[in-house]
Amino acid sequence: MTGAAAQSPPEVRKAAARKAAFARRKAAHAAAGPGAAAHLSEVLAGYRGVPLSGYMPIRTEIDPRPAMAEAAAHGPVGVPVIQGAGMALKFARWEPGCTMVAGPFGAMVPERLEYFEPEIVIVPLVAFDRAGGRLGYGGGFYDRTLEGLRARRATLAIGFAWAAQEAENLPLEPTDQPLDMVVTEQEVIAIGAA
């Protein structure tokens, strides 16, 4: 970054980065064909039976549910449940075809909330970089959650996004939790791999 953009407060830079990433995500979503979760399914196949959480896609987010359904045949799969502003997420058990109801912020959650702790978290995002940086929606939910989970045990954070959501020079902060891997409809990006 140069000039005025480099001098802007972090939240101004984040807002601009989010706006640009949302536009790229919308275009990628509109152009998408079937099989967008194929690489995610391949990755998760290497972790059969490990408790994991996906998410219920909103708006133009890439849809992890096909991969989640495959994983649910081998072990517990959940989705995030927002507890409140400034709080970490909890994860409720999800199965294909379970009854879902509207939760906070428009995300669908299972009607019956059976909580568990995942060891793999599939993370939705607005933008990512190849160093494991992630720009989310600004609520800090996943950052707080990953920090807490990682304090208790090794937790694999897999960003799942359209390839078009890749960006450079993300305005990251010290509290932003890094991704261990990013999966798109086109590739698997191992963070820190040579």
Residue pairs within 7 Å by beta carbon, gap of at least six or interchain, first lying in the range 138-164 and under 21 Å from HIS39 (Cβ atoms), second at pLDDT 95 or above and polar (S, T, N, Q), listed first then second, are TYR142/GLN177; ALA157/GLN177; ALA161/THR184; TRP162/THR184; ALA163/THR184; ALA163/GLN186
Selection status of GLN186, at pLDDT 95 or above, within 19 Å of PHE22 (Cα to Cα), in contact with a strand residue (DSSP E or B) (Cβ under 8 Å, 6 or more places away or on another chain) and polar (S, T, N, Q) = no
Open item on the list: Just checking, does the range 37-59 include any residue being at pLDDT 95 or above, touching a helix residue (DSSP H, G or I) at 6+ places or on another chain (Cβ under 8 Å) and among the basic types (Lys, Arg)?
Closed with: yes
Within the range 134-191, restricting to residues that are within 16 Å of the chain's Cα centre (by Cα) and of a type in the set (Ser, Thr, Tyr), the one that is farthest from GLU61 (Cα to Cα) is THR155
Reported set for the range 44-71 where residues are assigned to a helix (DSSP H, G or I) and surrounded by fewer than 20 Cβ atoms within 10 Å (Cβ to Cβ) is ALA45, ARG65, PRO66, ALA69, GLU70
Considering residues that are part of a helix (DSSP H, G or I) and either over 14 Å from the mean Cα position of the chain (by Cα) or under 22 Å from GLY103 (Cα atoms) (or both), the number found within the range 33-43 is 5
Flagged pairs (Cβ under 9 angstrom, 6 or more apart or on separate chains; first in the range 168-179, within 11 Å of LEU146 (Cα to Cα); second among the acidic types (Asp, Glu) and modelled with pLDDT of 90 or more) are THR175/ASP143; THR175/GLU147; ASP176/ASP143; GLN177/ASP143; GLN177/GLU147
Flagged in the range 120-166 as crowded, with 18+ Cβ neighbours inside 10 Å, of a type outside the set (Asp, Glu) and in a loop (DSSP other than H, G, I, E, B), in numbering order, are PRO124, LEU125, VAL126, GLY132, GLY133, GLY136, GLY140, THR155, ALA161, TRP162
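The values are calculated or read from the model by the stated rules, or taken from the named source; none is laboratory data. Computed from a prediction, not measured in an experiment: that's the story for all the values here. Quick reminder, even Gly has a Cβ in these numbers, built from the backbone with ideal geometry, and neighbours come from all protein chains shown.
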